[in-house]
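Below is one structure, written out as structure tokens, with a few remarks after it.
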Amino acid sequence: MLFGAERWADIRTTAVGDRGARAYLKQHEDAVTLVECGDVAAAYDIDTAEDLIHLE
């Protein structure tokens, strides 16, 4: 996900734990642009310090 800096304050009010910006995205579906990038990286999520192993 990429968000412009002008959206950060609003996202911060709803982003919690591993749910991240999900609530914000649902509220602003009309502003979402999907971009296919399946060939760019492996599919994994970084939510905890233990997950950082995926970045090596």
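Readers should treat all values here as calculations from the given coordinates under stated rules, not as data from a laboratory. Not measured: the values here are computed from a predicted model. FYI the Cβ positions are ideal-geometry reconstructions off the backbone, even for glycines, and counts take in every protein chain you see.
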- Item | For the chain, alpha-carbon Rg and Dmax in angstrom | 13.2, 35
- Under the rule of -39500 (n - 2.57) per DSSP H run of 4 or more residues, summed and divided by the residues of the chain, what mean residue ellipticity at 222 nm is obtained, to the nearest 500 deg cm²/dmol? -5500 deg cm²/dmol
- Message: If R₀ is 22 angstrom, what is the calculated FRET efficiency for the pair ILE53 and THR14, using the beta carbon separation as r and rounding to 0.05?
- Response: 0.20
- Item | Under the Karplus curve 6.51 cos²θ - 1.76 cosθ + 1.60, θ = phi - 60°, whole-Hz ³J(HN,Hα) for the range 43-48, x wherever Gly or Pro sits | 8, 8, 10, 10, 10, 10
